[in-house]
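Down below is the structure, laid out as structure tokens.
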Amino acid sequence: MKDTLILAIESSCDETAASVVKNGRTILSNVISSQIALHTLYGGVVPEIASRKHIEKINQVIKEALKEAGVTLDDLDAIGVTYGPGLVGALLVGVAEAKAIAYAKKLPLVGVHHIEGHVSANYIEHPDLEPPFLCLIVSGGHTHLVIVKDYGEFEILGRTRDDAAGEAFDKVARAIGLGYPGGPKVDKLAREGNPDAIVFPKGKLGDCPYDFSFSGVKSAVLNYINNAQMKGEEINRADLAASFQKSVVDVLVEHTMLAAKDYHMDKIAIAGGVASNGALREAMTRACEKRGYKFYRPSPIFCTDNAAMIGVAAYYEYIKGTRHGWDLNAVPNLKLGER
């Protein structure tokens, strides 16, 4: 049987990425050009700058991905591209590039949901993983608890009512002077602190046990800092980071374990940028081992934005028959499960 080769493009935020994926599970190349150093100057992602950098980098990233994979555009079976959610200007660069290549080479165009890509990152290193399974998706813009019923088919059990987990990490990092990107910096500092030093609230929503709320813990951290400053007290930043992180991680793990029990799921996965957080990975591993669940997690490089995960998701959409026309557009607030 002939191999299926897909070139995937990802440009939803501040990483310009391209990857060649074979048969949905084998990554032949994964090239990422990150803009983190650039956006650090501004304390966060500046959409206009991100879009311009994507335009500058996208051709060379694709050339590098093809070269690394040892293939040419003529060897490809389809082009996969993230079309939402994300920053509209950034998404448009990838979508326009994908359409141009698909049109020139008469190849099928497959638009991919960015979050579906994050979930699909789990398939890269776990050949035994097949749906159905429970997946916790945690990133800068999203916190979802979903049942992956089939490839590209999701049942959403819970979502955040306010801030995403990654957003809370970024805001707390800024408040304690760590800067951008917040998640990895809080994770690193928290290793030096005592997670039980300060008790922060855990967001509980009575009407939906699987939903999340992180604005309360974020506000509690900011109030703690303000009170200490008003009293002229010294703040132990490591303890603060560790205690905040514990509050977030505990809620993520508790809700996931509750859903696993209620829905009789024994395969648990995590996905998204915050899935690279060391404390979350350790807590999930312990919780799953205790209950006899199988736990899946992508390597950190596949947790943050990359094109390999988009190529995997594109493959499963491609074999299902999903095709997009030349009118494919960027959809910045695309919901999970929407087409």
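The values are calculated or read from the model by the stated rules, or taken from the named source; none is laboratory data. Source: prediction; values computed, not measured. Here the Cβ is made from the backbone with ideal geometry for all residues, glycine too, and neighbour counts use every protein chain on show.
Worth a mention:
- Boolean, Tyr103 is buried (at least 23 other Cβ atoms within 10 Å of the Cβ), in contact (Cβ under 8 Å) with a residue 12 or more places away in the chain and either touching a His at 6+ places or on another chain (Cβ under 8 Å) or aromatic (Phe, Trp, Tyr) (or both): no
- Residue among Lys246, Lys261, Lys218 that is assigned by TED's automatic domain parsing to the domain that holds Glu289, among the basic types (Lys, Arg) and either surrounded by fewer than 20 Cβ atoms within 10 Å (Cβ to Cβ) or in contact with a Cys (Cβ under 7 Å, 6 or more places away or on another chain) (or both): Lys261
- Hits in the range 10-41 - residues which are part of a strand (DSSP E or B) and among the small types (Gly, Ala, Ser): Ala17, Ala18, Ser19, Ser29, Ser33, Ser34
- Tally of residues being without any contact (Cβ under 8 Å) to a residue 60 or more places away in the chain and under 28 Å from His144 (Cβ atoms) across the range 224-244: 2
- Per-region count, the range 73-97, residues under 21 Å from the mean Cα position of the chain (by Cα) and part of a helix (DSSP H, G or I): 8
- Among the residues of the range 42-72, those that are outside any helix (DSSP H, G or I) and more than 23 Å from the chain's Cα centre (by Cα) comprise Gly70, Val71, Thr72.
- Test: residue in the range 266-277 that is small (Gly, Ala, Ser), in contact with a Phe, Trp or Tyr (Cβ under 9 Å, 6 or more places away or on another chain), on the phi > 0 side of the Ramachandran plot and touching a residue at least 40 places away in the same chain (Cβ under 8 Å): no
- All told, Arg237 falls short of being in contact with a strand residue (DSSP E or B) (Cβ under 9 Å, 6 or more places away or on another chain) and within 20 Å of Pro184 (Cβ to Cβ).
- Residue ID - surrounded by the fewest Cβ atoms within 10 Å (Cβ to Cβ), chosen from residues in the range 327-338 that are modelled with pLDDT of 95 or more and farther than 16 Å from Glu10 by Cβ: Asp327
- The set of residues in the range 271-298 that are within 16 Å of Asp187 (Cα to Cα) and either assigned by TED's automatic domain parsing to the domain that holds Val61 or of a type in the set (A, V, I, L, M) (or both) comprises Val274, Ala275, Ala279, Leu280, Ala283, Met284.
- Residue count for the range 110-133 satisfying the condition of being buried (at least 23 other Cβ atoms within 10 Å of the Cβ) and not β-branched (Val, Ile, Thr): 10.
- A search for C-beta distances below 7 Å between a residue of the range 69-95 that is at pLDDT 95 or above and any residue that is buried (at least 23 other Cβ atoms within 10 Å of the Cβ) and among the aromatic types (Phe, Trp, Tyr), counting only pairs 6+ apart in sequence or on different chains, returns Leu91/Tyr83; Val95/Tyr83.
- Of all residues in the range 16-37, exactly one satisfies the criterion of being in contact with a Pro (Cβ under 9 Å, 6 or more places away or on another chain) and basic (Lys, Arg), namely Arg25.
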